[in-house]
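Accompanying notes for the structure given below.
The values are calculated or read from the model by the stated rules, or taken from the named source; none is laboratory data. Treat the numbers as computed from the prediction; the structure is a model and nothing was measured. All Cβ positions, even for glycine, are placed from backbone atoms using ideal geometry, and neighbour counts span all protein chains on display. Side chains are part of the model used for accessible areas, which takes the heavy atoms of the whole protein and leaves out ligands, DNA and RNA. Shrake-Rupley method; radii C 1.70, N 1.55, O 1.52, S 1.80 Å.
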Amino acid sequence: MMLTHFPYVVTPPLTNCLESDVQAFLEANGRPKTLAHVQAVAEVCGQIARQYGLDERKCRAAGLLHDISAVIKPADMLHYVASHSLPVCEAEERYNFLLHQRMSRFVAEDHFGMTDSAVLSAIECHTTLYANATPYDMALFIADKLAWDQQGIPPYDEAVRHALDHSLEAACLAYMEDTMTSGRMLCPHTNWTLAYDWLTQKP
Ligand SMILES: [Fe+2]
Ligand SMILES: [Fe+2]
């Protein structure tokens, strides 16, 4: 089990109800803010699912699990990925927390038994997106940004909501452009750059 690599992570027994299992896990590991965030993201992702005819159950599950690796220290994420000979890009090397999207996929799969490839893919790219993103990838990417984990309304809120009336692609692009022009971008992740190029070149 991958979580045995992190002895400080508490693993309450699973009940097969994802909602309660995620809640118990995050509470047991002292992450009430992450719990409130993932519940909000699941809600928004469910709304996007209804708007775009996606499977609401998958969108909610992706929302609940997307930040599940918040219980792992960022430096340990880097060590885990490097010790498994997995590639690490410059942005992940400099800002280890960027690895949390990939680590959350591992935890979702390995600990919570998530097998749905649409859900796992969405979790794995929820911070950066990737080129050829699926509607599930884009739905979670947007939901995570609209239900952000900081105080107040995000600066891009109106632009992203407006774009979401047009398409998932437009909403992703609106968020990315705002991030790049506002100076919030720490270091462009390889997948982010590829996703941006893909979105801007789409007909
Ligand atoms: Fe995240
Ligand atoms: Fe998040």
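Listing for the model above:
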item: Average accessible area per residue (Å²) across the stretch 13-115 - probe 1.4 Å, nucleic acids and ligands excluded; result: 47
item: Probe 1.4 Å - accessible area at F106, Å² to nearest ten; result: 50
item: Value of [θ]222 nm, deg cm²/dmol, for the chain, DSSP H segments ≥ 4, -39500 (n - 2.57) each, nearest 500; result: -18500 deg cm²/dmol
item: Rounded to whole Hz, the Karplus (6.51, -1.76, 1.60) HN-Hα couplings of the stretch 53-67, x for glycine and proline; result: x, 9, 6, 5, 5, 5, 5, 5, 4, 4, x, 5, 9, 5, 10
item: Residue among N16, N191, N132 with the largest mean-square fluctuation in a Gaussian network model of the chain, springs linking Cα atoms under 10 Å; result: N16
item: By accessible area with a 1.4 Å probe, ligands and nucleic acids excluded, highest first: order of L186, L173, L164; result: L186, L173, L164
item: DSSP-assigned coil residues among chymotrypsin sites (Phe, Trp or Tyr not before Pro) in the stretch 19-98, each with at most 16 further Cβ atoms within 10 Å; result: Y95
item: Nitroxide proxy distance, nm - points 7 Å out along Cα→Cβ at R184 and T11; result: 3.5
item: Per residue, the convex hull volume that the Cα atoms of the chain enclose (Å³); result: 117
item: For the chain, Cys with no neighbouring Cys Cβ under 4.7 Å; result: C17, C89, C125, C172, C187
item: Per residue accessible area of the stretch 153-203, 1.4 Å probe, in Å²; result: 57
item: Derived scalar couplings ³J(HN,Hα) [the stretch 86-96; Karplus, 6.51 cos²θ - 1.76 cosθ + 1.60; whole Hz; x for Gly, Pro]; result: 8, x, 10, 8, 4, 4, 5, 5, 7, 10, 4
item: Fully extended contour minus Cα-Cα distance, from H162 to E93, at 0.36 nm per residue; result: 21.4 nm
item: Percent accessible area from carbon and sulfur atoms, the chain, protein chains only, probe 1.4 Å; result: 53
item: For the stretch 59-164, average projected area of the Cα convex hull in nm²; result: 7.4
item: Heavy-atom accessible area order for T200, T34, T181, largest first, 1.4 Å probe; result: T181, T200, T34
item: Order of exposure, largest accessible area first, which applies to E93, E56, E158 with probe 1.4 Å; result: E158, E93, E56
